[in-house]
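First the structure, in the form of structure tokens, and then the observations on it.
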Amino acid sequence: MTVRKNHIGGLVVGALGLSIYLMSRTFPQLPEGYPGPGLFPSIIGILMALLGIVIVFSSEKEETDTDDDALVSRRLSLVLAIVLSLLIPIINRWIPLLFILPVFIFLIALLFKVSLKWALLISTITTTLIYLIFSLMLGVSL
């Protein structure tokens, strides 16, 4: 196993996620079982640690890409994804987030060359989880 940039990046993301999780455990707990201020940092820390592991192991299968056109294409996809993400709060003034979010997630997945089936599945599951967590569990209007 040769060490690649993705191995190091995955380890950094995983270590950062673990440290976020450990730090969030020091936040105060609310009485009667209500979620405290450490809930979301804990979730984010766990997800980051898991994604770090995924990055480390998925980089083994990744082929080295030395093609300049492919590199430019990936960078352009990243810029377009950031621009799309920045448009969400602007469009949210007129269209509810629950209608915008699946479309944007779907488009961003397509930008990163995810298959049509997976892009649809990812956008549906992500939007459903966001609705369940924020609207139903926490009572935040989306």
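So how do 100-109, 87-96 stack up, highest first, on mean other-Cβ count within 10 Å? Walk me through the numbers before you get to the answer.
On the way: 100-109: 18.3, 87-96: 10.8.
Ranking, from highest mean packing down: 100-109, 87-96.
Modelling each spin label as a point 7 Å along the Cα-to-Cβ direction, I'd like the L18/I122 distance in nm, to one decimal.
Calculated label separation equals 2.7 nm.
Could you give the length gained on full extension between I44 and L30, defined as 0.36 nm per residue of separation minus the Cα-Cα distance, in nm? It would help to have the intermediate numbers written out before the result.
Working: separation 14, 0.36 × 14 = 5.04 nm, distance 1.93 nm.
Stretched fully, the I44-L30 segment lengthens by 3.1 nm.
Run through every distinct alpha carbon pair of the range 99-142 and return the Kirkwood hydrodynamic radius in angstroms, one decimal place.
Working: mean 1/r = 0.0931 Å⁻¹.
Every distinct Cα pair counted, the radius reaches 10.7 Å.
Extending each Cα 7 Å along its Cβ direction at I53 and L98, get the distance between those two points in nm, one decimal.
Inter-label distance under the simple model: 3.3 nm.
Read-outs throughout are calculated quantities, based only on the coordinates presented, and are distinct from any laboratory measurement. Just so it is clear, the model here is predicted, and its values are computed rather than measured. When we count neighbours, we look across all protein chains shown, and the Cβ atoms used for this are built from the backbone with ideal geometry, even at glycine.
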